[in-house]
Amino acid sequence: MHAATPLISTIAGGLVLAFLLGILAHRLRISPLVGYLAAGVLVGPFTPGFVADASLASELAELGVILLMFGVGLHFSLKDLMAVKSIAIPGAIAQIAVATLLGMGLSAMLGWSLASGLVFGLCLSTASTVVLLRALEERQLIDSQRGQIAIGWLIVEDLAMVLTLVLLPAFGDMIGAEHADTSKLLADLAWTIGKVIAFITLMIVVGRRLVPWVLAKSASTGSRELFTLAVLAMALGIAFGAVKLFDVSFALGAFFAGVVLNESELSQRAAHDTLPLRDAFAVLFFVSVGMLFDPMILLNDPISVLITLAIIVFGKSAAAFALVRLFGHSKRTALTISASLAQIGEFAFILAGLGIVLGLLSEEGRSLVLAGAILSIMINPLLFTLLERYLAKHETIEEQIVEEAIEEEKQIPVDMCNHALLVGYGRVGSLIGAKLHQAGIPVVVIENSRTRVDALREQGIKAVLGNATKPEIMDIARLDCARWLLLTIPNGYEAGEIVAAAREKRADLEIIARAHYDDEVSYITEHGANEVVMGEREIANSMITLLKLDEIPPAPQACPI
């Protein structure tokens, strides 16, 4: 490969290997994340063959974190964040303290200094943004109560790490000085907190008005390219400005950019348009983590590696489980939070690097942090799989219904019959809903977005929060006495499963669904839909209808050309 093209070679090498090993991992029925991490090890400096540019890979991975946190912000309103503050703030702080103390205990066993132990323990205390969000997204938990608590917990951890990164240099100076300068440490702490508060205030006061306005103006041009560019420019620009002006992390800057953009009606379109880039750069994040891993540490110091991994996977999980249960939440919620946090990631790498620069952490310490991160990220999907099997085996049907009723805000069946049951309230669903209301037809909407459900309820529209594939959600929406079932969700195969379940309960129900492709039309029809509308086909039919071919007079006999 040409030495003059490190960016292209890094992206190409990383993505190609990640794809191949991701496919292999999928065939072996393990998480593709393991394949992405293995790809990083293969292109890293500790294995023979091609070596990617580590500095470029880490920056590309940072882009993935920015886009991912921006997407989360689009679905996580300020009201949601405040709703979980009572558990997220004390829980995250207590869990950081427990993990730090456990890390300091291991460092004491290894004969390290107190300062090294403190930095090492802090590295083990914070979960990876990318890993946690990917796990929640794969299991459709982002909009659930469990997902909201986990994300709120993560945000508090990130804020704590921002403070740590700012205060660590001052702490290093204190260690090197004969007399500790407590006043300087307190001044640095106050200054950091002040900058974070200033950034959040600016985003709430100014950003809530400016960002949606800019997005609306770009959408009014009618250019998809300009709209997508506006979304990316705001996500990256605000994240970069947060770092440069307020010393807030890229991740937090992007998150709050998404939060303020959530005020716009175009937020769902923005999330959809950035999804491909977000996924691609998230893969590069895992590749960059794999590049940092030296497999030889597994042979040179296996006992320390295993203890480090145990602190991350079991120590942190046990602390999180106990704290969530202490706050009165269910066992299912506590186990989900525990599994979500049983890994470490990007902040651990940054903190370990800063610790080495300041002379507070040894190379051995960083190697243990990296080994713990790699192994915990690999194990995390397995923990979720074991959790799902445990819940399926030990929870009765009644317990599952109770749990999900709590998670769905203890919803009760709607007091309505002979209504149109509308699944999905995006661009298509909202247009159908508006027409039905104009016609005086009662409507019940099923949506898995808490933000949309809240907005619909504020408008007086009956809305049920949850996934339409769940029988209990259909019961709440009164499928038993609905007049029509209208599915506007974009996933044709998920729509087919909903149709099949609905048809089992109501053989007489008229079901109309949406599809994008011919195979989706066949799939949904085979599962029991009366009619399936394919967008592209209807566009073609409408254009032909507008031509009024039956009314066109015969072509003239002679052509003037």
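Only the coordinates and a few stated rules stand behind these numbers; no lab work does. These figures come from a predicted structure and were not determined experimentally. Cβ coordinates were reconstructed from backbone atoms using ideal geometry, including for glycine residues, and neighbour counts include every protein chain displayed.
Would you list, by chain and number, the lysines whose Cα falls below 27 Å from the Cα of Lys548, excluding same-chain residues fewer than 8 positions away?
Lys435
Report the local net charge at Gly35: Lys and Arg +1, Asp and Glu -1, summed over other residues whose C-beta lies under 14 Å from its C-beta.
Value of the local net charge: +3.
Counting helices only, and only those DSSP H runs with n ≥ 4, report the 222 nm mean residue ellipticity of the chain as the sum of -39,500 (n - 2.57) divided by its residues, in deg cm²/dmol to the nearest 500.
-22500 deg cm²/dmol
Expressed in nm to one decimal, what extension gain is obtained for the pair Glu551 and His437 from 0.36 nm per residue of sequence separation less their Cα-Cα distance?
Stretched fully, the Glu551-His437 segment lengthens by 37.5 nm.
Find, among the GluC sites (Glu not before Pro) in the stretch 116-168, those assigned to loop by DSSP (not H, G, I, E, B) with at most 13 other beta-carbon atoms within 10 angstrom.
When the GluC sites (Glu not before Pro) of the stretch 116-168 are filtered for loop state and at most 13 Cβ neighbours within 10 Å, nothing remains.
Which GluC sites (Glu not before Pro) does the stretch 225-289 hold that lie in a coil by DSSP with at most 13 other beta carbons within 10 Å?
Listed in order of number, the matching sites are Glu265.
Put +1 on the Cβ of every Lys and Arg and -1 on every Asp and Glu Cβ in the stretch 6-399; which of Leu210, Ile155, Trp191 then has its Cα farthest towards the positive end of the dipole?
Going by the Cα projections, it comes out as Leu210.
Full-extension gain between Ile193 and Lys505, please, as 0.36 nm times their residue separation minus the C-alpha to C-alpha distance.
106.7 nm
Got a sec? How would Lys470, Lys505 order by Cβ neighbour count within 10 Å, fewest to most?
With the fewest neighbours first, Lys470, Lys505 line up as Lys505, Lys470.
Which whole number in µm²/s is D for the stretch 6-399 by Stokes-Einstein, with the Kirkwood Rh taken over Cα pairs at 4 °C and 1.567 mPa s?
60
Considering only Ala318, Gly253, Ser522, whose Cα is most displaced toward the positive end of the charge dipole of the chain, charges sitting on Cβ of Lys, Arg (+1) and Asp, Glu (-1)?
Looking along the dipole axis, the top candidate is Gly253.
Using the Cα centre of the chain as the reference point, and only Cβ charges (+1 on K/R, -1 on D/E), how large is the resulting charge dipole? Debye, rounded to the nearest 20. Spell out each step's value before the answer.
Numbers: 39 positive and 54 negative charges, 119 e Å.
So the magnitude is around 580 debye.
Place +1 on the Cβ of every Lys and Arg and -1 on the Cβ of every Asp and Glu in the chain, take the dipole about the Cα centre, and give the residue among Ala513, Pro276, Gly359 whose Cα lies farthest towards its positive end.
Highest projection toward the positive end goes to Gly359.
What do you get for chymotrypsin sites (Phe, Trp or Tyr not before Pro) in the stretch 486-540 restricted to DSSP loop and a cutoff of at most 12 other Cβ within 10 Å of the site's Cβ? Please list the in-between numbers first.
Values: sites: Tyr493, Tyr517, Tyr523; in loops: Tyr517.
Loop-located and lightly packed - Tyr517.
Greater than 24 Å separation of Cα atoms is the criterion. Which listed pairs, Lys85/Lys184; Lys393/Lys505; Lys470/Lys505; Lys393/Lys462; Lys331/Lys393, meet it?
Lys85/Lys184; Lys393/Lys505; Lys393/Lys462
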